[in-house]
1. Considering amide H positions built from the backbone, and no H for Pro or chain starts, which residues 5 or more places from Gln231, or on another chain, come under 5 Å of its amide H?
2. Simple spin-label model, 7 Å along Cα-to-Cβ: Asp77 to Glu269 in nm?
3. With each label point set 7 Å from Cα along the Cα-Cβ vector, what nm distance links Ala469 and Ala451?
4. Roughly speaking, to the nearest percent, how much of segment 186-339's 1.4 Å accessible area is carbon and sulfur?
5. Using a Förster distance of 60 angstrom, determine the FRET efficiency expected from the C-beta separation of Asp368 and Glu166, and round it to 0.05.
6. Just to confirm my understanding: which cysteines in the chain have no other cysteine beta carbon less than 4.7 Å from their beta carbon?
7. For the full complex of protein chains and a 1.4 angstrom probe, list Phe512, Phe184 by accessible area with the highest value first.
8. Local charge sum around Val504 (other residues, Cβ-Cβ under 15 Å, Lys/Arg +1, Asp/Glu -1)?
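The values are calculated or read from the model by the stated rules, or taken from the named source; none is laboratory data. Bear in mind that the values here come from a model prediction, so they are computed numbers and not experimental data. Because the Cβ atoms are built from the backbone with ideal geometry, glycine has one as well, and the counts that use them run over all protein chains shown. These accessible areas exclude ligands, DNA and RNA; they are computed on the full protein's heavy atoms, side chains included. Shrake-Rupley method; radii C 1.70, N 1.55, O 1.52, S 1.80 Å.
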Amino acid sequence: MSPRASKPRAAKAPVAPLDPQHVLRATYALDRAYVRRLNDHVVHSGTAEMLVVSPATGQPVGSVSTSTAADVAVAFDVARDAARTWAETSFEEREQLLMRLHDLILDRQDEIMDLICWESGKARIHAFDEPLHVALTARYYARTLHKHLGPKRRDGVVPFLTRIDEHRTPKGVVAIISPWNYPFTMAMVDGLAALAAGNTVVAKPDHHTPLSALLGADLLREAGFPPGVWQVLVGSGRELGTPMIERADYVCFTGSTATGKLIATQCAERLTGCSLELGGKNPILVLADADLDRAAEGAVRAAFSNGGQLCVSTERLYVAREVYDDFVAKFVARTKSMRLGSSHGWGVDMGSLISAEQLAVVDEHVRDAVKHGARVLAGGKARPDLGPHFYEPTILEDVTPAMACHGDETFGPVISVYPFDSEDEAIELANTGDYGLNAAIYSRDVERARALATRVHCGTVNVNEAFGATFASIDAPMGGMRSSGMGRRQGAEGILRYTEVQSVATQYILRFGPHWGMTDEAYAGVMTAAVKLLSWLGRA
Ligand code: NAD
């Protein structure tokens with residue numbers, strides 16, 4: 001069944017917050033039977049519901065049941081029960097299921113994109129990234145399960161006489177707490193790696209965007225994953241977060257640095273492992289020899305994809321002084337030509353922000369910057385004529401450390417441009433602040449750019465690309481340094497975090513301790529001589 005059972009409406013003027021009477025009269029954007037099917041995946045015992053509203057138009061999309069703290073206990077009990085049999089499945093079985101999910105997602109791409117557009121207000125081109133990223137992740141872990149998780153031989157202390165086998169076992173039940181900005185991707189990719197490793201999952205998406213996560217659960221069921229392995233809770237993080245952390249064997253959190261610190265503290269109290277994918281204030285460096293058209297095109301995507309509501313999007317742009325004017329002219333022209341709108345069709349360059357709160361942060365950052373002397377080169381204002389939460393893609397110049405947007409994450413379509421005089425200065429500027437998530441360097445000399453990349457304190461650095469090259473390369477670890485996070489998704493790190501590692505040693509012939517009638521001293525002498533011999537052989 002398609003989520004487009006009733007036709008999407010054209011963009012409307014801003015609407016007042018919905019009062020209960022309005023809700024009763026509302027025409028839901030999505031077919032009720034479709035939403036009911038998705039709602040079946042919510043773990044809930046009560047009758048409480050929440051309304052999902054399209055941020056782009058203010059139109060109600062559908063209503064979804066909400067979970068309580070008691071439901072958290074149920075979800076974990078079910079997931080723990082399912083974990084016993086799921087952990088016993090072979091790598092081949094998991095591979096087949098993941099590949100079936102991969103195929104299903106690519107076949108149902110349009111439905112997934114429609115739902116994401118409704119729920120998040122983003123442009124279709126940015127919704128497109130989501131099913132693709134989830135499909136790539138499913139395929140990657142399907143194809144690399146053996147490599148990452150299969151038993152491995154390690155070097156024993158005494159060659160030929162000590163054998164070490166390393167084994168990986170699943171942690172158990174993994175809690176996934178995810179944000180609204182990429183509601184399908186963020187609800188799915190970390191959980192898929194956990195499932196691939198033999199864990200079961202209890203997922204809690206952000207309350208703005210539960211439907212995309214529920215569609216993910218629906219697709220998992222359709223692909224053939226057993227019931228119970230993927231539980232979804234809907235509701236407020238403040239209410240459901242703590243009971244989730246109390247029961248989880250591992251917590252994977254994506255969201256703000258402030259919430260990440262709270263979660264890390266709670267995990268530390270229980271000695272529960274966690275990975276935290278947090279905020280960023282990501283820089284781009286445009287070196288003097290860069291292809292300026294390519295850099296300007298990349299900077300537009302880096303700053304304004306998904307309205308800048310992307311953890312790896314760029315909010316600081318450092319440009320070599322000798323090309324500053326040329327580059328800025330190109331960047332401003334491209335930005336001013338962007339097409340904004342609430343249509344779910346192709347051809348829109350930027351959609352809506354997620355909420356009134358997010359719009360207020362963006363507006364406040366720009367007002368504060370202007371008040372303290374920054375110049376607006378493009379954009380700089382809200383667009384209520386397009387929808388209640390639209391804001392223009394905005395470029396600021398002359399931003400100083402006194403302004404909030406200088407160091408604080410805006411998480412919106414606002415970027416500041418600064419000139420630099422030397423590459424050492426550019427690196428120093430890129431490394432200022434507490435964050436360390438993503439960076440990009442544009443230069444025609446890719447060797448030099450790669451060398452500079454290693455001096456940038458960020459978990460991912462892209463050369464001649466904004467962020468997509470690292471984010472879409474699932475074999476490469478992705479995550480932040482410093483206040484941008486702990487741990488990594490993707491690659492080996494992305495799956496090994498969900499496992500316990502066990503080393504099994506088998507000792508042949510030689511025992512550890514004096515034997516054959518040796519004194520302790522003689523034993524110590526023989527062992528020391530053996531270590532010296534092994535070191536000599538290693539050097540020889
Ligand atoms: P947020 O921290 O407010 O919310 C994220 C999730 O945490 C939601 O599901 C929310 O319900 C839940 N939550 C809130 N309070 C909680 C609590 N006390 N205990 C447990 N869970 C709680 O973040 P947000 O504002 O929704 O998301 C935007 C932030 O996420 C930005 O800072 C962005 O940079 C970051 N982000 C990072 C990545 C990454 O991979 N590094 C990806 C996407 C977003």
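1. Val201, Val202, Ala203
2. Each label point lies 7 Å from its Cα, and together they span 2.4 nm.
3. For Ala469 paired with Ala451, the spin-label model returns 1.7 nm.
4. Values: 2340 of 4600 Å².
Solvent-exposed carbon and sulfur of segment 186-339 make up 51 percent of the total.
5. Values: r = 53 Å, r/R0 = 0.89.
The computed FRET efficiency comes out at 0.65.
6. Cys117, Cys252, Cys311, Cys405, Cys458
7. My answer, sorted largest first, is Phe512, Phe184.
8. On the way: positive: Lys152, Arg153, Arg154, Arg163, Arg168; negative: Asp155, Asp165, Glu166, Glu500.
Net charge in that neighbourhood comes out at +1.
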